[in-house]
Amino acid sequence: MKKLLLSLICVVFCLSLSGCFENDVPRNEEELPLVQDEAEEKIFGLNESAVFKDLKFTCLQISESQGDSFFVPEADKVFVGCEFEIENISNAEQTVSTLLLFDCYADDTKCDYSLSAACVFDEGSLDGNIAPGKKMVGWYAVEVPKDWKQIDLHIKSNWLSSGTARFEFKK
């Protein structure tokens, strides 16, 4: 009796977990996704869109700043902000987090998101939930050396994704 009960519990547990994973295999050609899940092969620039299964990322502008009266970069550094429009192209609410989805490199050196820089580019952040069919516009901001030549932003569609889109900006 114990073996039967244990087997039944295992089957129920496995079936419960199977609902946690998405099956991305289309059933027929009409159901093929119009977007790509992995965008790592292409390099994107200003006003180009990286389209994933659920989200579409478009960089609208990039700007450099010396700071303002209260927030200033360290010596020999500047703030760089990238304004993005993120569109939810799915039928479910999507969560965006700059800390989990964005990685930045200035001339191949890792840069972390800067709260001071974000306060200078304060027209919106890229953190929060986006309802189906809606958009979010905000800034991703970092502090980089004044003599930077190239900024690379690697963006994931979700924090578990292995695929990334690479946005490249030259000074």
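Side notes on the structure shown:
- Listed by position, the strands (runs of 3 or more DSSP E) inside the stretch 65-164 whose residues that are in contact with a Pro (Cβ under 7 Å, 6 or more places away or on another chain) number at least 3 are 77-88.
- In the stretch 105-126, of all residues being out of contact with any Phe, Trp or Tyr (no Cβ under 7 Å at 6 or more places or on another chain) and farther than 18 Å from PHE71 by Cβ, the one that is surrounded by the fewest Cβ atoms within 10 Å (Cβ to Cβ) corresponds to ASP108.
- Residue satisfying condition, being modelled with pLDDT of 95 or more, surrounded by 16 or more Cβ atoms within 10 Å (Cβ to Cβ) and either of a type outside the set (A, V, I, L, M, F, W, C) or in contact with a Gly (Cβ under 8 Å, 6 or more places away or on another chain) (or both), within set ASN88, ASN129: ASN88
Residue by residue, here is whether (1) under 14 Å from SER63 (Cα atoms); (2) among the acidic types (Asp, Glu) holds:
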position	(1), (2)
ASP103	no, yes
THR109	no, no
LEU126	no, no
GLY138	yes, no
ALA141	yes, no
GLN150	yes, no
LYS156	no, no
ARG166	no, no
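- Residue in the stretch 139-160 that is closer than 23 Å to VAL51 by Cβ, out of contact with any Phe, Trp or Tyr (no Cβ under 8 Å at 6 or more places or on another chain), loosely packed, with under 13 Cβ neighbours inside 10 Å and of a type outside the set (Asp, Glu) present: yes
The values are calculated or read from the model by the stated rules, or taken from the named source; none is laboratory data. The structure displayed is predicted, hence computed values, not measured ones. For neighbour counting, all protein chains shown are included, and Cβ atoms are generated from backbone atoms with ideal geometry for every residue, glycine included.
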